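Okay, structure first, notes after.
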Amino acid sequence: MPYQVIRTALPEVLILEPKVFGDERGFFFESFNQRDFHQSTGLDVQFVQDNHSKSSQGVLRGLHYQIQHPQGKLVRVTQGQVFDVAVDMRRSSTHFGKWVGVELSADNKRQLWIPPGFAHGFLVTSDSAEFLYKTTDYWFPEHERSLLWNDPSVGVKWPIDDSPKLAAKDAAGKPLAHADLFD
């Protein structure tokens, strides 16, 4: 198998560890292969958009989701390190309102699969980080929502002592009790 798949506390959220070939010259790995992704995860998804962001230390992006046109995301870090979080936003789920956090870095080369129906965000824990992700649907700004990053009812334990650097939309995120939810 080209990926080692690790299930998280939220069983649908998967950590993928690619097979990396390295020597004194550097390293090589396939960051994505549709056939191998399907074989390793059992998921038959089609990615339609790739996104790339760069952020400085202390930036928190999220927790984002699209209430219509929900997106599955396959995320990874190519420079630096982040604490990546997924929150189950599906009312009917036994894991509703629960979260999982994973360290993703250029060094560990891990990827995280966040399925549709989950809010997603990350905190940059290195000086800066470049973050790449594939999505299973396009971005529709009119359907984008933000779950409040520090909602005590969710209780994400972000690895930060100070207040993070937030976009206005993330600072104005809604707590779970008032958020638009999936069935």
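Based only on Cα atoms, what mean projected area does the convex hull of the range 70-123 have, in nm²? Working shown, then result.
Working: hull surface 14.3 nm².
Approximately 3.6 nm², given one-decimal rounding.
Could you give the radius of gyration (one decimal) and Dmax (whole number) of the Cα atoms in the range 108-183, in Å?
For the range 108-183, the Cα-based Rg and Dmax read 13.7, 39 Å.
If you average over every viewing direction, what projected area does the convex hull of the Cα atoms of the chain give, in nm²? Show your work: numbers first, answer last.
On the way: hull surface 42.5 nm².
If you wrap the Cα atoms of the chain in a convex hull and average its projections, you get 10.6 nm².
For the range 115-183, which trypsin sites (Lys or Arg not before Pro) are in a loop by DSSP, counting at most 12 other Cβ atoms within 10 Å?
Details: sites: Lys134, Arg145, Lys157, Lys165, Lys169; in loops: Lys157.
Within the range 115-183, the qualifying trypsin sites (Lys or Arg not before Pro) (loop, at most 12 other Cβ atoms within 10 Å) are Lys157.
How many angstrom lie between the C-alpha centres of the range 79-94 and the range 120-155?
With the range 79-94 and the range 120-155 each reduced to a Cα centre, they are spaced 9 Å.
Nearest 20 debye, what's the magnitude of the dipole of the chain about its Cα centre given +1 on Lys and Arg Cβ and -1 on Asp and Glu Cβ?
With Lys and Arg at +1 and Asp and Glu at -1, about 200 debye.
Using θ = phi - 60° and the Karplus curve 6.51 cos²θ - 1.76 cosθ + 1.60, what whole-Hz ³J(HN,Hα) does each residue of the range 15-27 get, with Gly and Pro shown as x?
Karplus values, whole Hz, x for Gly and Pro: 8, 10, 10, x, 7, 10, 9, x, 7, 4, 7, x, 8.
Could you calculate the contour length gain from Gln39 to Ser128, that is, 0.36 nm times the residue separation minus the distance between their Cα atoms, to one decimal place in nm?
Values: separation 89, 0.36 × 89 = 32.04 nm, distance 3.34 nm.
Contour length minus the Cα-Cα distance gives 28.7 nm.
Using the Karplus equation 6.51 cos²θ - 1.76 cosθ + 1.60 (θ = phi - 60°), what ³J(HN,Hα) coupling, rounded to whole Hz, does each residue of the range 146-154 give in order, writing x for Gly and Pro?
Rounded to whole hertz, the list is 10, 7, 4, 4, 10, 4, x, 6, 8.
Two-decimal Rg/Rh of the range 49-97 from alpha-carbon positions, Kirkwood Rh? All intermediate terms of the calculation are to be shown ahead of the outcome.
Details: Rg = 13.1 Å, Rh = 13.2 Å.
Looking at the range 49-97, the ratio lands at 0.99.
Bear in mind these aren't lab numbers, they're just calculated from the coordinates by the rules spelled out. This is a predicted model, so every value here is computed, not measured. Every residue, glycine as well, gets a Cβ built from its backbone with ideal geometry; the counts of neighbours run over all protein chains shown.
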